[in-house]
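A short worksheet on the structure shown next.
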Amino acid sequence: MDAALSLTDISKRYGAFQAVKDLSFSVPKGSICGFLGPNGAGKTSTLRMILGLQPQTSGSLSILGAGDGRSVRDRIGFLPEERGLYKKMTPVDAIAFFGALKGLPTGEGRKRARVMLKQQGLEHAQTKKMKELSKGMAQKVQLIASVVHKPEFVILDEPFSGLDPVNQQGLEEMIRGLAADGATVLFSTHVMQHAERLCDKVVLLARGQKAFEGTVDEAKATTRRFLELEGEIAVAAAKALPGVVSVETVRSDGPVHVLKAELAPGGRGQEALKAAFLNGLDVRRFELREPTLHDAFIGLTGDDPDQDQTVRRENLEAAR
């Protein structure tokens, strides 16, 4: 499949601080790609280079066949992390205005705005002022404004930030709809659950460098499955179970322990459970846990994407 976007050894420096280093990856046409990493990992700097909002220090890129996002900007939709719509505009006016900036005639923009607002359950909000809308409603309006001109490539920077679970689900449905209509979607996030549900492909970024590129299943395959055992069972006894390679204590309450037993590749939890009962071990609860994308990210990078990288952001601000 042809690539809608490809980066080759892209780097970005702010003075002495290197935000992105030798980053290479590609995004196939028509796919949903998650660009994942903790806050401060270099995601936004990379998106700005793709869009042509700031130059790369070194390396090259291609987006929709062009070497600079600015030259194909009317074919790109972009939702920045920093939200902003004119508070006194109505949703229809705001959407039509942003469409006009991408070459869409105002009348057509207003027509599409009404249709898309209705599709997202916002028909009742068409004539309200933006300042009267909830945060979730306003975020949906801004996403519609980003794609009303029917772009071929859509870039979303932390689109789920600050939304409640209901609005997060609605936004996921919108992203799936964009891909179903033929658009290529690249979205950055530090919340692995969204990427796990949505993405055909993920790129994991840590400290400005690529840690992984591939499918969600391929990422999870880099991390082992594990068992959670609860009972009066010793660590040494758990380590002796077939297929178990390591054991750690999660918590203890007197003689009762909760243990996390990591399985070797191909290890089967059923065999370990059978051996535990045959050996008379006191196992009161037994649960097989499949690795998540969050587990894979920690295993591949050593970072927790849910933790803010405050020091890294401070270094970036100081460099600027």
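Take the cross-link list Lys29/Lys128; Lys21/Lys102; Lys201/Lys239; Lys12/Lys87; Lys111/Lys131; Lys111/Lys135 and give me the ones stretching past 29 Å between alpha-carbons. Spell out each step's value before the answer.
On the way: Lys29/Lys128 37 Å; Lys21/Lys102 32 Å; Lys201/Lys239 35 Å; Lys12/Lys87 35 Å; Lys111/Lys131 22 Å; Lys111/Lys135 24 Å.
Pairs exceeding 29 Å: Lys29/Lys128; Lys21/Lys102; Lys201/Lys239; Lys12/Lys87.
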Of all DSSP beta bridges with both partners in segment 3-220, the antiparallel percent, nearest 5, is 50
Asserting the computed 222 nm helical MRE of the chain (DSSP H runs at least 4 long, -39500 (n - 2.57) per run, divided by residue count, to nearest 500) equals -10000 deg cm²/dmol
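Provide the FRET efficiency to the nearest 0.05 for the Lys135-Ala180 pair, computing r from the beta carbons and using R0 = 35 Å.
0.85
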At 20 °C and 1.002 mPa s, the Stokes-Einstein diffusion coefficient in µm²/s for segment 79-201, with hydrodynamic radius from the Kirkwood sum on alpha carbon pairs, is 147
Length-normalised contact order of the chain, Cα under 8 Å, at least 6 apart, in percent, tallies to 21
Taking Cα atoms only, helix 135-147 is inclined relative to the longest principal axis of the chain by an angle, in degrees rounded to 10, of 60
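With +1 assigned to the C-beta of every Lys and Arg and -1 to the C-beta of every Asp and Glu, and no other charges, what is the dipole magnitude of segment 3-220 about the Cα centre in debye, to the nearest 20? Each step should come with its number before you reach the end.
Details: 30 positive and 22 negative charges, 153 e Å.
In total the dipole reaches around 740 debye.
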Checked segment 177-254 with the C-alpha gyration tensor, a ≥ b ≥ c its square-rooted eigenvalues, rounded below a/c of 1.5, otherwise prolate if a/b is larger than b/c and oblate if not; verdict prolate
Checked segment 1-87 against the a/c 1.5 cut and the a/b vs b/c comparison, axes a ≥ b ≥ c from its Cα gyration tensor; verdict rounded
Most packed first (mean Cβ within 10 Å per residue), the peptides 276-285, 135-144 order as 135-144, 276-285
Longest principal axis of the chain (C-alpha) makes with the long axis of helix 91-101 (C-alpha) an angle, in degrees to the nearest 10, of 80
Computed over the chain: longest principal axis from alpha-carbon atoms vs helix 106-119 long axis, angle to nearest 10 degrees, is 30
Within segment 119-261, the percent of DSSP beta bridges that are antiparallel, given to the nearest 5, stands at 75
When the charge dipole of the chain is computed with +1 on Lys and Arg Cβ and -1 on Asp and Glu Cβ about the Cα centre, the Cα farthest towards its positive end, among Gly59, Ala240, Gln142, belongs to Gln142
With Cα springs under 10 Å, the Gaussian network model of the chain assigns the largest mean-square fluctuation among Arg251, Arg112, Arg224 to Arg251
Log10 I(q)/I(0) at q = 0.15, 0.16 Å⁻¹ for the chain, from Debye over equal alpha-carbon scatterers, is -1.14, -1.24
Rh (Kirkwood, all Cα-Cα pairs) for segment 226-290, Å, reads 11.4
Projected onto the charge dipole of the chain (unit charges on the beta-carbon of Lys, Arg, Asp and Glu, signs +1, +1, -1, -1), the Cα from Gly162, Ala275, Val203 with the largest positive-side position is that of Gly162
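Computed from the coordinates by the stated procedures, all read-outs in this text should not be read as laboratory data. Since the model is a prediction, treat every value here as computed from it, not as a measurement. Glycine gets a Cβ as well: all are built from the backbone with ideal geometry, and neighbour counts include every protein chain shown.
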